[in-house]
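A.B. asks: Take a look at the following structure, please.
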Amino acid sequence: MALSPSFQPVLERIAADIAAAPGRGRPADYIPALAEADPRRFGMAVAEPDGTVYGVGDWQQPFSAQSITKVFTLALVLSLEGEALWEHVGREPSGNPFNSLVQLEYEHGIPRNPFINAGALVVTDRLHTLTGDACGTLREFMRAESGCPGLAFDERVAASESASGDRNAALAHFMASYRHITNPVPELLSQYFRQCALEASCADLARAAGFLARHGIRADGSALLTRIEAKRVNAVMLTCGTYDAAGDFAYRVGLPGKSGVGGGIIAVVPGRCSLCVWSPGLDERGNSVAGVAALDRFTTLTGLSVF
Ligand code: GLU
């Protein structure tokens, strides 16, 4: 396929389509600090493998990355311990809400995949054990890949989630009862809530996801993952990345993607580009309404998809 000279015209067109569309969903309110977000905000960025970024709307506005960070912690753990991770977490879609407890008991405390909360807690636990500082490792990686040295965690959001985090605490304690968590639960939860509270813009996250478009190669040219490992992370994003709506997301968008309850979604066209879209209004499954619509428009207008 011929490379388009620039993604800018297509982004402008998508922004105009989104501005004209009714209905934006509602911001997440189970984390009080996220409930204040304005659902009319919309931004989108596309990063090419060389780091060139195109953007529209609020594409430079930092927002709460939330579960988008789960892609990066997964990649970091895979880079450190490879396949051993899969002894602790599965890689099948759950078909259940992201914070569900029921499946975990039937399946002996092994979470279905790394992107539901239980699985992400296991991944963060691994990262913390392997590095001694899960959040510090994530922050340095995100700063390096995004080219934004100021990326940081919003401690107010982390505290807000911690104060309302009984469900995540229940998941962590339950897994600890099976010895699937090695760090003390309060320490793990504090790492996990900070991780989710990473503040970054669409431009930052599109660039930071670039290693998945470059088949595992970091911004500085070194390898984080092998080509096969990068394929696997993309595959888990495709099948498990958008809560219990991953089938619908694949149907509409046709790309590996990972959403967060802050209203962001990252997506990858392997070999071609990485994207991030943000709009805080969510549908009932937790995915950004305008975000999914914008990615749907992107793959329709450009023909860029993994299918
Ligand atoms: N920090 C959120 C939680 O654990 C992340 C959820 C999400 O973005 O999917 O509930």
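Throughout, read-outs are computed from the coordinates displayed, never taken from laboratory work. These numbers were taken from a predicted model, which means no experiment stands behind them. Note that we place each Cβ from the backbone using ideal geometry, even for glycine, and neighbour counts take in every protein chain shown.
A.B. asks: Quick one: Karplus J couplings for segment 81-94, per residue in order, coefficients 6.51, -1.76, 1.60, θ = phi - 60°, nearest Hz, x for Gly and Pro?
C.D. replies: Rounded to whole hertz, the list is 10, x, 4, 4, 4, 6, 6, 10, 8, x, 8, 10, x, 8.
A.B. asks: Let me ask you something else. Please report the spacing between the Cα centers of segment 217-258 and segment 17-37 in Å, no decimals.
C.D. replies: After rounding, the separation between the Cα centres reads 25 Å.
A.B. asks: Arrange the peptides 75-83, 230-238 so that the one whose residues have, on average, the most other Cβ atoms within 10 Å appears first.
C.D. replies: 230-238, 75-83
A.B. asks: Using C-alpha positions alone, give me the convex hull volume of segment 176-307 per residue in cubic angstrom. Don't skip to the end; give the middle numbers.
C.D. replies: Working: hull volume 18.6 nm³, N = 132.
About 141 Å³ per residue, rounded to a whole number.
A.B. asks: Out of every Cα-Cα pair in segment 96-219, what percent are more than 26 Å apart? It would help to have the intermediate numbers written out before the result.
C.D. replies: Values: 1865 of 7626 pairs.
That tail contains 24 percent of the Cα-Cα pairs.
A.B. asks: Once the Cα atoms of segment 19-123 are picked out, what are the Rg and Dmax in Å?
C.D. replies: 17.4, 48
A.B. asks: Same structure, new question: Under the 0.36 nm per residue contour assumption, what length would be gained going from the current alpha-carbon distance of Glu81 and Glu187 to full extension?
C.D. replies: Full-extension gain reported as 36.0 nm.
A.B. asks: State to the nearest 20 debye the size of the charge dipole of the chain about its Cα centre, where the only charges are +1 on K and R beta carbons and -1 on D and E beta carbons.
C.D. replies: Values: 26 positive and 32 negative charges, 111 e Å.
So the magnitude is around 540 debye.
A.B. asks: Which residue, Arg218, Arg40, Arg139, tops the fluctuation ranking in a GNM of the chain built on C-alpha contacts under 10 Å?
C.D. replies: Result for the chain, Cα springs under 10 Å: Arg40 fluctuates most.
A.B. asks: Moving on to the next point. Mean-square fluctuation check for the chain, GNM, Cα pairs under 10 Å: which of Trp59, Trp278, Trp86 is largest?
C.D. replies: Its mean-square fluctuation being the largest, the pick is Trp86.
A.B. asks: So if each residue of separation counts as 0.36 nm, and I subtract the Cα-Cα distance between Arg40 and Ala235, what length gain in nm does that give? The partial results should precede the final answer.
C.D. replies: Working: separation 195, 0.36 × 195 = 70.20 nm, distance 3.11 nm.
Between Arg40 and Ala235, full extension yields an extra 67.1 nm.
A.B. asks: Let me ask something else. What distance in nm separates the two pseudo spin-label positions at Tyr178 and Tyr30, each 7 Å out from Cα along the beta-carbon direction?
C.D. replies: 2.0 nm
A.B. asks: Going by average Cβ neighbours within 10 Å, how do the peptides 189-201, 97-109 rank, with the highest at the top?
C.D. replies: The peptides rank, most packed first, as 189-201, 97-109.
A.B. asks: Once the Cα atoms of helix 185-196 and of the chain are each reduced to a long axis, what angle between those two axes, in degrees from 0 to 90 to the nearest 10, is obtained?
C.D. replies: Helix 185-196 sits at roughly 0 degrees to that axis.
A.B. asks: Quick one: divide the alpha-carbon radius of gyration of the chain by 2.2 N^0.38 Å and tell me what you get.
C.D. replies: 0.91
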